[in-house]
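Everything below concerns the one structure shown next.
The values are calculated or read from the model by the stated rules, or taken from the named source; none is laboratory data. Keep in mind the model is a prediction, meaning the values are calculated, not measured. Ideal geometry is used to build each Cβ from the backbone, glycine not excepted, and the neighbour counts take in all protein chains shown. Side chains are part of the model used for accessible areas, which takes the heavy atoms of the whole protein and leaves out ligands, DNA and RNA. Shrake-Rupley method; radii C 1.70, N 1.55, O 1.52, S 1.80 Å.
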Amino acid sequence: MPVNSAACYDPLLAYARDPHDLVTRAFVSAIEMARSSSRLSGRTAFGLDANEFEALLNRYFPGAASVYLTPALRASLASGATHRVGTDEFDDLVALLLEHRSDDSRENRWLAYAIAACCMGEDHLWQDMGLPNRQALSDLLARYFSTLFARNTGGMRWKKFFYKQLCEKEGAFVCRSPSCAECVEYSNCFGPEEESTWQPAKR
């Protein structure tokens with residue numbers, strides 16, 4: 001049964017087995033991002049098909065599937081009507097994360113899609129994922145995407161780091177600075193992300 005809680009900023013959290021679990025909060029944020037962001041148009045289940053989305057809901061939010069996976073949404077997902085709309089940016093991020101996932105579990109795969117969806121947000125990634133701070137995000141990445149986490153030796157902001165990895169992979173170096181240390185935009189990539197210094201993006 002849903003649990004009433006003042007801490008439940010999203011109705012889906014009322015169904016959560018553990019509303020304080022960081023992975024659970026990441027899934028809640030991804031579902032909301034897919035619903036509200038034009039950058040995820042056509043990806044109502046943040047890229048998952050109906051069966052995978054239902055399995056996620058049943059595992060993390062028992063009782064929520066009847067509310068969040070409506071017959072209309074199920075039919076839409078089954079027909080592919082909501083798949084691959086928009087740019088390839090989301091797919092590229094998913095592929096990057098899946099390439100570096102620590103194991104082949106469903107949870108790890110779902111989290112790759114969730115993180116990619118939250119990358120479509122306009123604020124720090126940890127904030128768009130509903131996490132308490134950057135360290136919580138770093139801990140998740142270290143556990144679920146260990147080889148990718150290990151590459152970020154300079155402490156670059158995670159969203160910036162992911163896109164830098166994509167640029168290097170494709171050989172499309174948008175940044176023309178000879179090194180990060182010499183770049184005039186250094187603070188935008190490596191600046192602090194503590195909540196005291198974070199300012200919401202204007203929407």
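How large is ³J(HN,Hα), in whole Hz, for each residue of region 130-137 in order, when computed from phi with the Karplus curve 6.51 cos²θ - 1.76 cosθ + 1.60 and θ = phi - 60°, using x for Gly and Pro?
For region 130-137, the Karplus curve yields x, 8, x, 6, 4, 4, 4, 5 Hz.
In region 38-134, if the dipole is taken from +1 on Lys/Arg beta carbons and -1 on Asp/Glu beta carbons about the Cα centre, which of 115, 57, 98 is farthest to the positive end?
Of the listed residues, the answer is 57.
What is the packing order of peptides 145-153, 24-32, 122-130, taking the mean over residues of other C-beta atoms within 10 Å and listing the highest first?
Final packing ranking: 24-32, 122-130, 145-153.
Packing-wise, with mean Cβ within 10 Å as the measure, how do 65-76, 48-59 rank, highest first?
Those peptides, ordered most packed to least, come out 48-59, 65-76.
I'd like to check one number: the per residue accessible area of region 60-157, probe 1.4 Å, reported in Å² as a whole number.
44 Å²
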